[in-house]
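One structure is given below, encoded as structure tokens.
Bear in mind these aren't lab numbers, they're just calculated from the coordinates by the rules spelled out. Keep in mind that this is a model prediction, so the values were computed, not measured. No Cβ is skipped: glycine too gets one built from the backbone with ideal geometry, and neighbour counts run over all protein chains shown.
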Amino acid sequence: MVMSDTTAASAAPAAPPAAPSPRRWTALGLIALAQFMVIMDTSIIGVALPEMQSALGFTQEGLSWVFNAYVVAFGGLLLLGGRLSDLFGAKRLFATGWVVLAAGSLLAGLAGNPGLELTGRAVQGAGSALIAPAALTLLISLFGARPKELGKALALYGAAAPAGGTAGVFLGGVITQYLSWEWVFYVNIPIALGVLLATPGVMPAAPARRGSVDWLGALTVTAGLAVSVYAIVRAPETGWGSASTWLVLAGGVLLILAFVALQAKRREPLMRLGIWRSPNLASANIAQLLMAAAWIPMWFFLNLYLQQVLGLRAFASGAALLPMTAAIMLMMIVLAPRLIARFGPKPLIVTGLLALAGGMVWLSFARPDGNFAVDVLPASLLAAVGMSLAFIPSLGTALAVPNPAEGGLASGIVNTSYQIGSALGLAAMTAVAAANGARELGDPVALTDGFSAAFLGAAALALLGALASALTIRTAKSG
């Protein structure tokens, strides 16, 4: 069971180790747990949002920043995390990231006002930005020389991401209803301690390398992303025709362009621009970005629909999304790798994004007086199948760079694409929902109209991803 001949060969190091690590599957468990946790931390707050809004005084639009503060820091700092991993060793950065994540979780749980809450979430995101690229680098180090094992490892790693996102909603429901919303953050701390205790004995060591860190590049790309998301989130309040909206958005774009200009001039950039000449790298990252831009708003607004419109309590709302988790795990671990081996990555990416779009169009027909079995379950399962089909092949394609030494950079780029897509997609769909009635708390009809508009907007992004993938991903010639 392999990702594809091209993916496996490109990801494999030129000189395989003399013997595989006897603890590589235990290490993979920690790596998959890391991926599960950093994505779960984007979703576990979903069910807790109404209680956090009441306790801390967030506005309906401002509530999205509990999510965005995490993903902006996560996405903006991933390239820096990848660079630090290369310089100081993936094992060391993996452990450091868990320390930072635990500290941010403690701050977010103790926060008594929106400012401290968002600060804690940003620190959590910074910790995840150290963990994620180091984890993927460690996976390639452990399994890259064994293509068949690499396929299995990537399948488990890939399943951990969307499963973490969906399972986080259920766990958030359990924790919020039976403990309190603060525990959606505190739960990270014992897990972090356990990983830190296990890491020294199972993770492969990597020697540190000499080099410099492009701190200015990291600052500009993170600031550019944060300013762009801020402009989109506040647009419904200030108006899309407002000069201030477009000035702030232009400032974010200029910061991102400044980052690109810096990378072209730096001797040791965070992101070597020449890597984009790798076959299908840009196409696979576009697919990941648009996939996340569609998927994350879907679960965000679906959770609000379950609680604010259908009136489900926290536990019931989380349990309602368990079928999605089961579908994702089954599809990604059992079926998707076999389909990729038979048909190749491109058909799966295109088909998966189309199914994801179909599920969200179906959700847009949800009714103010609807019910879970009719309005949520079938549509959410279709979306889960689409996500399962598209995620692993687009990830594997994004990692298949010709130079094995740039595997860490490739992992940083694809993680960044996913998180940037998450932040910008949620910001845009929050604006769409607010403009179509989602500000009217207590009015099921207005809320449903707003959420339906967001589902349709997210479906359009998934369709755009399918079209882009169909037109730009090149299929390797046989023979």
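What ³J(HN,Hα) values, in whole Hz, does the Karplus curve 6.51 cos²θ - 1.76 cosθ + 1.60 give for the stretch 264-281 when θ = phi - 60°, with x put for Gly and Pro?
Using θ = phi - 60°, the values come out as 5, 9, 6, 6, 10, x, 5, 9, 5, 5, x, 5, 6, 7, 4, x, 6, 4 Hz.
Go through 457-470, 387-400 and give me the packing order, highest mean Cβ count within 10 Å leading.
Top of the packing list down: 387-400, 457-470.
L193 to L87: extension gain in nm, 0.36 nm per residue of separation minus the Cα-Cα distance?
Contour length minus the Cα-Cα distance gives 35.7 nm.
Arrange T245, T238 by Cβ neighbour counts within 10 Å, fewest through most, would you?
Sorted ascending by nearby Cβ count, the order is T238, T245.
Size of the dipole of the chain about the Cα centre, Lys and Arg at +1 and Asp and Glu at -1 on the beta carbon, nothing else charged, in debye to 20?
Charge dipole, the chain, about its Cα centre: 1820 debye, nearest 20.
Along the three principal axes, how long is the stretch 269-412 when you take its alpha carbons, biggest first, rounded to the nearest angstrom?
54, 36, 24
Trypsin sites (Lys or Arg not before Pro), restricted to the stretch 210-270: which are DSSP loop and have at most 12 other Cβ atoms within 10 Å?
Loop-located and lightly packed - R210, R267.
Sequence gap of 8 or more, or different chains, plus Cα separation below 25 Å: how many lysine pairs satisfy both in the chain?
For the chain, the number of qualifying lysine pairs is 7.
Pick out, from V123, A108, I44, the residue whose Cα sits farthest towards the positive end of the charge dipole of the chain, with +1 on the Cβ of Lys and Arg and -1 on the Cβ of Asp and Glu.
V123
Expressed as a rounded percentage, what relative contact order does the chain have, with Cα pairs under 8 Å and six or more residues apart?
Details: 939 pairs, mean separation 117.3, N = 479.
Relative contact order here is 24 percent.
Expressed in nm to one decimal, what extension gain is obtained for the pair A470 and R266 from 0.36 nm per residue of sequence separation less their Cα-Cα distance?
Gain on extension, A470 to R266, equals 70.0 nm.
Place a point 7 Å from Cα of I275 in the direction of its Cβ. Which residues in the stretch 131-161 have their backbone N less than 13 Å from it?
Once the point is set 7 Å along Cα→Cβ of I275, 133-134, 136-137 turn out to lie under 13 Å by backbone N, inside the stretch 131-161.
If packing is taken as the average number of other Cβ atoms within 10 Å across a peptide's residues, how do 354-363, 112-121 rank, most packed first? Provide the component values of the computation, followed by the final result.
Numbers: 354-363: 23.8, 112-121: 17.8.
Result, highest mean first: 354-363, 112-121.
What whole-number distance in Å separates the alpha-carbon centres of the stretch 316-365 and the stretch 93-138?
29 Å
Using only the C-alpha atoms of the chain, find the volume of their convex hull and express it per residue in Å³.
128 Å³
Using per-residue counts of other Cβ atoms within 10 Å, averaged over each peptide, order 366-373, 322-329 from highest down. The partial results should precede the final answer.
Working: 366-373: 14.4, 322-329: 20.1.
By packing density, highest mean first, the sequence is 322-329, 366-373.
Counting residues in the stretch 220-269 as N, plug N into 2.2 N^0.38 Å and put the Cα Rg over that result.
Relative to the 2.2 N^0.38 Å estimate, the stretch 220-269 comes out at 1.32.
Given the Cα-Cα distance of N113 and S242 and 0.36 nm per residue of separation, how much length would full extension add, in nm?
On the way: separation 129, 0.36 × 129 = 46.44 nm, distance 2.94 nm.
Extra length available between N113 and S242 comes to 43.5 nm.
So which trypsin sites (Lys or Arg not before Pro) in the stretch 271-318 are both in a DSSP loop and have at most 15 other Cβ atoms within 10 Å of their Cβ?
Counting only loop positions with at most 15 other Cβ atoms within 10 Å, the trypsin sites (Lys or Arg not before Pro) in the stretch 271-318 are R272, R313.
Can you tally the net charge around V71? Count Lys and Arg as +1, Asp and Glu as -1, for every other residue whose Cβ sits under 12 Å from the Cβ of V71.
0
If each DSSP helix of 4+ residues adds -39,500 (n - 2.57) and the sum is divided by the residues in the chain, what number results at 222 nm, nearest 500 deg cm²/dmol?
That calculation yields -25500 deg cm²/dmol at 222 nm.
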